[in-house]
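Below: one structure, written as structure tokens.
The values are calculated or read from the model by the stated rules, or taken from the named source; none is laboratory data. All figures in this text were calculated on a predicted structure; none of them were measured in a lab. Heads up, the Cβs are rebuilt from the backbone with ideal geometry, glycines too, and the neighbour counts pull from every protein chain shown. Just so you know, the surface numbers come from the protein's heavy atoms only, side chains and all, with ligands and any DNA or RNA stripped out. Shrake-Rupley method; radii C 1.70, N 1.55, O 1.52, S 1.80 Å.
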Amino acid sequence: MLQFTNGFSCAMNQEKEELVISFVQQIPEIGEDGITNNVRVEEVVNLVMGKVTAQNLLNGLIEMLEDDNEEG
């Protein structure tokens, strides 16, 4: 199942051995006048991973984004 996210935050433990990534969805609440009154933030998922997995994720994202930039 796919989950939409448009925000995230990261934290690492003091030993720098585990990383937590929290993905959220920021939902603007628009009044009848069309003006955004508030932005509601809903948690989508929290991920905890070890340092090696976090580094692999980083490398994978860099590789995908570099390939994307080369194409256009």
* How much net charge surrounds Asn6 when only the other residues with a Cβ under 13 Å from the Cβ of Asn6 are counted, with Lys and Arg +1 and Asp and Glu -1? -> -1
* Structure fact -> Net charge (Lys, Arg +1; Asp, Glu -1) of residues whose beta-carbon lies under 14 Å from that of Glu29, Glu29 excluded, is -2
* Keeping the other protein chains in place, figure out the carbon and sulfur percent of the accessible area of the chain, with a 1.4 Å probe. => 53 percent
* Structure fact -> Between the Cα axis of helix 51-71 and the main Cα principal axis of the chain, the angle (0 to 90°, nearest 10) is 70 degrees
* Structure fact -> Among Gly34, Gly50, Gly60, the residue with the largest mean-square fluctuation in a Gaussian network model of the chain built from Cα contacts under 10 Å is Gly34
* Cα point-scatterer Debye curve for the chain, base-10 log of I(q)/I(0) at q = 0.17, 0.18, 0.22 Å⁻¹ -> -0.83, -0.87, -1.01
* To do: Would you calculate a helix-derived [θ] at 222 nm for the chain, using -39,500 (n - 2.57) for each DSSP H run of n ≥ 4 and dividing by the full residue count, to the nearest 500?
  => -10000 deg cm²/dmol
* If you average the sequence gap of Cα pairs under 8 Å that are 6 or more apart and divide by the length of the chain, what percent do you get for the contact order? -> 26 percent
* To do: Can you pull the one-decimal nm distance between simple spin-label points at Val39 and Thr53, each 7 Å off the Cα toward Cβ?
  => 2.9 nm
* Out of Asn59, Asn37, Asn46, any idea which swings most in a Gaussian network model of the chain, alpha carbons joined below 10 Å? -> Asn37
